[in-house]
Structure formats: C-alpha cells, structure tokens
1. Would you confirm whether any residue within region B:198-205 is crowded, with 24+ Cβ neighbours inside 10 Å, within 29 Å of the chain's Cα centre (by Cα) and farther than 19 Å from B:L103 by Cα?
2. Are there any helices (runs of 4 or more DSSP H) wholly within region B:1-116 with 2 or more residues that are within 14 Å of chain A (Cβ to nearest Cβ) and loosely packed, with under 15 Cβ neighbours inside 10 Å, and if so which?
3. Give me a count of the residues in region B:117-139 that are surrounded by fewer than 22 Cβ atoms within 10 Å (Cβ to Cβ) and among the polar types (S, T, N, Q).
4. Going through region A:161-188 one residue at a time, which ones are more than 7 Å from chain B (Cβ to nearest Cβ), open to solvent by 30 Å² or more (accessible area, probe 1.4 Å) and of a type in the set (V, I, T)?
5. Just the residues that are within 25 Å of A:F187 (Cα to Cα), more than 9 Å from chain B (Cβ to nearest Cβ) and not aliphatic (A, V, I, L, M), please, taken from region A:274-302.
6. If B:N291 passes every condition in (1) of a type outside the set (G, A, S); (2) farther than 26 Å from A:T261 by Cβ; (3) surrounded by 17 or more Cβ atoms within 10 Å (Cβ to Cβ) but one, which one does it miss?
7. Is at least one residue of region B:184-200 within 14 Å of chain A (Cβ to nearest Cβ) and of a type in the set (K, R)?
8. Does region A:312-319 contain at least one residue that is farther than 30 Å from A:H109 by Cα, open to solvent by less than 10 Å² (accessible area, probe 1.4 Å), of a type in the set (G, A, S) and touching a residue at least 12 places away in the same chain (Cβ under 8 Å)?
Amino acid sequence: MTRDHSRAADSRGPADKPPSKQPAARQDHFFADPDEVVLGAVDTFDESRPPSSLWSDAWSSLRRQPLFWVATALTLLIIVVALFPGLFSSADPQYCTLTEHLEKPRAGHPFGFDRQGCDVYSRVVYGARASVTVGLLATLFASLIGTVIGATAGYYGGWADSILARLTDIFYAIPVILAAIVVMQVFRSRATVFSVVVVISLFAWVNVARIARGAVMGVKNADFITAATALGVSRFRILLRHVLPNAVAPIIVTATTQLGTFIVLEATLSFLGLGLPSSIVSWGQDISSAQANLRTDPALLFYPAGALALTVLAFIMMGDAVRDALDPKAVRR
Amino acid sequence: MAKYLGKRLLQLIPVFFGATLLIYALVFLMPGDPIAALGGDRGLNEEVAARIRAERHLDQPFLIQYLYYIKGIFTLDLGTTLNARPVLEVVANAYPVTVKLALMALAIEAVMGVATGLIAGLRKGGVFDSTFLVVSLVVIAVPTFVMGYVLQFFIGVKLGWLPPTAGTDPGFKSLLMPACALAAVSYAYVLRLTRVSVFETSTADFVRTATAKGLTRHRVVSHHILRNSLIPVVTFLGADLGALMGGAVVTEGVFNIHGVGHALLQAIRQMEPSAVVSLVTVLVMVYMLSNLLVDLLYAALDPRIRYDS
C-alpha cells in the first residue's frame, strides 16, 4: 500500500496540496517537505481518487518506461515475422540449389547463400516461427504445470505440500538441458515442434512452481480469505477465485523471464542435432551448419545467431519491464 | 549445526532416489536395442544375446534393473559399457576436465560479476551502471554456443591470442576462452543480482550508522555493504555450479573438449544406457551438494542466521 501512496505523492507533487491544512498555531515549528518524509506521502494521499488496482498501477508504470516500448516494438515485429514470413521474403527457404553454394549476397538475396545453396535471408525470416512457437507454448505449458503444482502445495499444505515439495526438489536437481538431451533422443528424427515444447515444459516447470507456492502461501492467510471462509465459500472456490488472482503477478513475472530462456533452449537442442528435424527451418540448425564454414564465411553464422539474440533480447527486455511494473519491491530507476 | 546438517542430508535421500529413478526411466525409454546391434548385419546368436541380457539384468523388469543399478552405485561397481570399458573409468576420465572448466567459469563470473555489480550498485544510474546494464542484457540474449563461436572466431582465429580448440587434456590457457563463454550468461545474472542487492543494502540504516560513526568509505563498503549484499549472489552461484556443469555439454561441443558433455553425447549416440545414467547421476549429486554447501555458507555471511532452533 505504501507504494500507492508514494506514487500518488510523486505524480502530483507538493504544489497541488498547499500546507494550508496545517493548523496555523503550529506553523512556527519545523515541517519537513511532504516529499522528504515517508509519512508525508500518507498526508498528501487523495482519498477521493478511485482506488487503483495492481494491473492499472502496473500499466501506468509500464507506459512510462522506454524499455517497455522498445521491447514491445521488437516483440511485435518478431511475432509478425513468425506469423507471416511470406511478407518479408519471397524466396523459399527450403529451395536450395547446390550451384549457388556459398554465393555472395546479390540483389534479392541480401545475406547470400549457405553451404547447401539456400537463401540465407529467407531462412533467417522463416526460422522465426519455430523459435517463437516453442518459446510461447513452452512458457504457457510450463507455467500451467508449475502453477497447478505450486498452488496445490502452497494452499493445501500438509502431506500434499511435503510430497509436491520433494517432487519439485527432484526435478530441480536435474539440469533441464541434460534431461532434454536424453528425452529428445527418444523422439530422434520424429521430433516435432510439439515434442520439443512438451519436453521443455515437463522439465522447466520447477521455477514457476516454487514462486507460485510462495505467492499462494503469502496470500492464503489474508483477512479477506478468512472472510470468504467464514461466508461458507468452498476451499477450491476460494483457491480459484480469491487466492490465485492475488498470487498471479509473481507467476507472470517468472513466466515472462523464462520465455527467452526457452527459446535459447530450443536453439541449443536443434544445434546439438537433438531438436527440430531438418524439415523445419530453425536458427539453431542453421547456426550449427554454418559452423563448418566459420573460418571462411563467418557471416553465415552471424545472421541466424543475430536473429536469435535479437529475439531473446526482445523477450528479456519485456520480462524486465513487466517485473519492474509488477513487483512492488523492485528498485525503480 | 550438526542437527541441521543431519536433517538436510536426510532430506537429500528421497531427492537422490527420485532423481536417479527419473533419469533411469528416461534412459530406459531410449529407442533401439543395443544388444541386437552388437551383432552387426549378421545378427547375434539367440543364446549369446540372452546370456548378455541376463548378465546385464536386461531381462528383468524395470524396477529390478533400477535396484541393481542402485546397488552398483553403493558398491562403486557401475558395470561396464558394451565394449567392456568400466563405466567408472568413463566417468572418472570425463569429470576432471569439466570440473576444471566449471570452476574456472564460476570463478570468472563471481569475481567479475561481484566487482562490476558492486560499482554499478554504488553509483546507481551513473554511466558505468547504465553501460553494464546494457552489456548484461546483450550477454544474456546471446546463447552460450553462439558466444562460444564468436569468441572462437575473433580471439582464437582472427587475433590468435588463445588456442581456438582445447582437445584432450587441456591446460589453463586453452580452457580460459571456453570458461569465459560458459560464464557469460551467468555473469550477467551475478552482475544484476549484486547491483540490486548492493543498492538496497547501501540505503539501509546500519550503513548510515557505520558512516556516521566515522568509518572510512572503504571499510563501510567492504565490511557493511558488500558482505550484507552477498547472500542472494551466493545462493545463485551455488545453484549455478550444477547448471554450469550441465551447460558444459554445449561449450565442450564448440571447443572440442573431452569432458562430461562429450562423453554424454557419445554415450547417447552409442546407446550406452549405463554410462548415460552414471554421468547424469554424478552431475545431480554435484548439484545437490553445492546447494547444501550454500545453505551452510549463509551463517558465515550473516551471523543472524542460525541453524539450531
């Protein structure tokens, strides 16, 4: 709550609220400027203002962050490229002629050709789809699994908590990349975007689960939960309608932060030859195949790698902005 | 303290069995029949195949196989690979290099991250701070294997300062560049954690008190701010050691280092379930123990934290 108050004081400044309210007899005493004392924020709080929710607060703070707008513009661009790659490139990324082997860039083919004679620019454009799809879907599923497990553990407590906490510990102890390498071996060449998504979400839900458990435990002893219980609302309904909506902010922050990590994970798996099959254009594979010509044609590696880094950067900046907006404890610049 | 340690070690037991069971199950799911493949095109005599399966308990149900494996761990008899090499030898050959690589990366990220994070946190909003925030964003966005290739190309090939690949039994110099590539992403996290933590601590009342009683700035920073800011950083570093050893799979591929990652990928390709399970199990144990070590370090950093209560 203190955050609301100080924000209200910040945005309007002391000028709006002249100290005329103070009794005249006490004017010869020292008064600190309302902005200098924490209590000043309470004094200047305007009760007639409609109460602001966490979301409207977050939005108003997001709106003022340049980082957020840069991230949004980049993210939108990348999503449009992923949805409609045809708009950006007329060449077919899978149509390769060996006669074009390592040809230099020319009009219509700004990035030149790779070892197989494929148009590098169109492969970079079409590669966005795999990365973005895997990133978004894996984040969605991992967050769902993590929220269900974490919320159940935190809300019901007791033996449910003990069992789920051990389960979380077990998955926490196995590095995601190693588990993914071993499991992807099962799919071999039959891997699809969906199997990569499933494998990542099955092993990467732990962080969300831990955060969700803590957030739910923090909310469940609040007075309004006691009130709901006293009114005879069922426990499950309380969890769904009262506890979860109030615990969802840290979950969203963790999920957004992980999105970039999942994109990197997919690229790493494809790079190791254990991710997407060659029938799907992906940056990880292109980086891996460009590596053979690194000494003579480093540009072949830098185009897909640059696209990958730019995508991850966009999502990480988005995660940073969302965290700053939603986390009351985050230090503001 | 002893009681706390005992409790924590007891808690590790179910995690250990759960994690090994999970890994064993995953490897069990791996496709292909390595025994049938031993015979090559001609195929294997039924009798011989059955004997090899019985020797390796492959004819038993899954859980029995797992129990045999656990027994093997406790008697330090991890069995042999299909070409009769003791698995223990495979593990013992692969680990030293990866441990060296991971520890070097950990040292790099800890020293660099805390140093730059401290300066950035003390002068929050300044030029240094802003520059390194941008650097950390870019470093996080570049995946480890891309970072590896970029370093390899510029420092190894173009400038020729360090050897571009490591090969067998690499020394400090040839591991320096791989360690930097491996440490890069975590360095950015250490920098950001330290920065926020230092900033929060430097506004605390006890720091003002320390300054007010006339301590030098140097002493305030080193004894009051830094020490109290380190807990989240140490937590991260402890959890990161395991992650670094896991992430070494990729770095080792780029720089051709024959460590755990190399051995693991080879074992997977050659369908050697026993080697895969053992390599991953040791990693999981390193991970669990380094997390425990971190929890014990808390008391050294913050005397208010006590373990007996």
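1. Applying the first criterion (crowded, with 24+ Cβ neighbours inside 10 Å) to region B:198-205 yields B:198.
Within this subset, residues satisfying the condition of being within 29 Å of the chain's Cα centre (by Cα) are B:198.
Those left that are additionally farther than 19 Å from B:L103 by Cα: B:198.
The answer is yes, given that some residue of region B:198-205 is crowded, with 24+ Cβ neighbours inside 10 Å, within 29 Å of the chain's Cα centre (by Cα) and farther than 19 Å from B:L103 by Cα.
2. B:2-28
3. Going through region B:117-139 one residue at a time, the tally reaches 2.
4. A:I163, A:V176
5. Hits for region A:274-302 are A:G275, A:P277, A:S278, A:S279, A:S282, A:W283, A:Q285, A:D286, A:S289.
6. Among (1) of a type outside the set (G, A, S); (2) farther than 26 Å from A:T261 by Cβ; (3) surrounded by 17 or more Cβ atoms within 10 Å (Cβ to Cβ), the lone unmet condition for B:N291 is (2).
7. Of all residues in region B:184-200, those within 14 Å of chain A (Cβ to nearest Cβ) come to B:184-186, B:188-189, B:191-200.
From what's left, of a type in the set (K, R): B:192, B:195.
Within region B:184-200 (the criterion being within 14 Å of chain A (Cβ to nearest Cβ) and of a type in the set (K, R)), the answer is yes, since at least one residue qualifies.
8. Yes, region A:312-319 contains at least one residue that is farther than 30 Å from A:H109 by Cα, open to solvent by less than 10 Å² (accessible area, probe 1.4 Å), of a type in the set (G, A, S) and touching a residue at least 12 places away in the same chain (Cβ under 8 Å).
The values are calculated or read from the model by the stated rules, or taken from the named source; none is laboratory data. Given the structure is predicted, the values throughout are model-derived calculations rather than measurements. Heads up, the Cβs are rebuilt from the backbone with ideal geometry, glycines too, and the neighbour counts pull from every protein chain shown. The area values use the complete protein model at the heavy-atom level, side chains included, leaving out ligands, DNA and RNA. Shrake-Rupley method; radii C 1.70, N 1.55, O 1.52, S 1.80 Å.
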